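First the structure, in the form of structure tokens, and then the observations on it.
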Amino acid sequence: MEQTFIMIKPDGVQRGLVGEIISRFEKKGFTLKGLKLLTVEQSFAEKHYEDLSKKPFFPGLVQYIISGPVVAMIWEGKGVVVTGRKIIGATNPSASEPGTIRGDFAIDVGRNVIHGSDSVESANKEIGLWFPEGPTNWQSSLHPWIYE
Ligand code: UDP
Ligand code: MG
């Protein structure tokens with residue numbers, strides 16, 4: 001089953017949005033397969049965002065991500081990478097639809113509350129970086145009530 005990496009950024013943690021965000025993924029029917037609250041170092045944040053290292057916003061982005069604890073998660077389910085991105089909304093909250101996490105809870109692109117992997121390939125890479133121990137192995141008993 002497909003998995004994605006979702007991270008509640010420091011502003012989401014500070015603003016008390018952890019429960020709300022987890023709830024949206026849970027209620028959709030996705031399964032939580034990894035969860036931790038941690039503060040990362042600059043070199044780790046640079047590694048996570050290495051594809052963006054040439055962008056002018058990169059230094060500010062790294063400072064933002066290391067500014068406080070983040071909630072790192074693995075979510076599992078059919079189509080979770082693409083659907084997870086839809087639940088999150090467009091990168092710039094000014095373009096995020098109401099009903100999405102960024103559309104409902106954010107205003108500026110540099111304080112957009114949450115990260116989600118943009119492809120299955122980057123999901124696998126990001127899960128490997130953030131969860132070297134791998135996902136927690138369990139099966140939700142809701143499975144037959146969510147999948148036909
Ligand atoms: N970002 C920013 N300014 C920009 C574009 C992006 O500060 O002009 C930040 C923003 O926090 C975004 C992150 O960099 O979530 C990663 O950018 P990406 O294009 O990968 O967007 P995402 O995948 O998070 O939607
Ligand atoms: Mg991205």
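Read the figures in this text as sums done on the coordinates, not as results from a lab. These figures come from a predicted structure and were not determined experimentally. Cβ sites come from the backbone with ideal geometry, for glycine too, and all protein chains shown count toward neighbours.
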Check: C-alpha center region 71-142 vs C-alpha center region 1-62, spacing in Å is 7
A student applying the Cα gyration tensor rule (rounded when a/c is under 1.5; otherwise prolate if a/b is larger than b/c, oblate if not) would label region 24-89 prolate
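Hey, what's the per residue convex hull volume over the C-alpha atoms of the chain, in cubic angstrom?
Taking only Cα atoms, the chain has a hull volume of 108 Å³ per residue.
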To the nearest 0.05, the calculated FRET efficiency linking SER43 and TRP138 through their beta-carbon distance, R0 being 25 Å, is 0.20
Shape call for region 70-148, from the Cα gyration tensor axes a ≥ b ≥ c (a/c under 1.5 means rounded, otherwise prolate when a/b beats b/c, else oblate), comes out oblate
Once the dipole of the chain is set up from charges on Cβ (+1 Lys and Arg, -1 Asp and Glu), the residue from the list THR83, ILE21, LEU52 lying farthest towards its positive end is ILE21
Residue-ordered couplings for region 12-21, obtained by feeding phi - 60° into the Karplus form 6.51 cos²θ - 1.76 cosθ + 1.60 and rounding to whole Hz (Gly and Pro as x), are x, 5, 4, 8, x, 9, 4, x, 4, 5
Expected sort for 48-55, 103-110, 9-16 on mean C-beta neighbours within 10 Å, highest first, is 9-16, 103-110, 48-55
With -39,500 (n - 2.57) per DSSP H segment of 4 or more residues and division by the full residue count of the chain, the 222 nm estimate, nearest 500 deg cm²/dmol, is -10500 deg cm²/dmol
Checked against a 20 Å limit on the C-alpha separation, the offending pairs among LYS9/LYS78; LYS47/LYS125; LYS33/LYS125; LYS9/LYS47 are LYS9/LYS78
